[in-house]
Amino acid sequence: MEPFSMTHGTQVKVFHTEDDGATLVTTTSDTAHPERPPHVGYEQCENESEAGAVLQKWVFDLQRQGWQVAD
């Protein structure tokens, strides 16, 4: 999976995978507060297929909360 990002106001979430696509990594930062370190979250999945399904659910939920996929 290619990394992609979503934005909501000044917040930015960047998504990518590790471990042959089985681990989702989310990095959240706030452009209004660059001095704050980004928050990094990990979600370990059984395989790449499960990781894809989890990611689709996250994107769906975030879009319902007003987040937008960045170009």
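The values are calculated or read from the model by the stated rules, or taken from the named source; none is laboratory data. Computed from a predicted structure; not experimentally measured. Note: accessible area is taken over every heavy atom of the protein model, side chains too, but ligands, DNA and RNA are not part of it. Shrake-Rupley method; radii C 1.70, N 1.55, O 1.52, S 1.80 Å.
One decimal place: the segment Q44-V59 gains 3.7 nm when fully extended, by the rule 0.36 nm per residue minus the C-alpha distance. An oblate overall shape is assigned to the stretch 1-69, the ratio a/c of its alpha-carbon gyration tensor axes (a ≥ b ≥ c) being 1.5 or greater and a/b not exceeding b/c. With 0.36 nm allotted per residue and the present C-alpha distance subtracted, the M1-Q68 stretch has 22.3 nm of extension available. Note that the chain presents 69 Å² accessible area per residue, ligands and nucleic acids not counted, probe 1.4 Å.
Taking all Cα pairs closer than 8 Å and separated by 6 or more residues, the relative contact order of the stretch 3-71 comes to 32 percent. Counting only protein heavy atoms and a probe of 1.4 Å, the accessible surface of the chain is 49% carbon and sulfur.
Over the residues of the chain, the helix contribution to mean residue ellipticity at 222 nm works out to -8000 deg cm²/dmol, using -39500 (n - 2.57) for each DSSP H run of at least 4.
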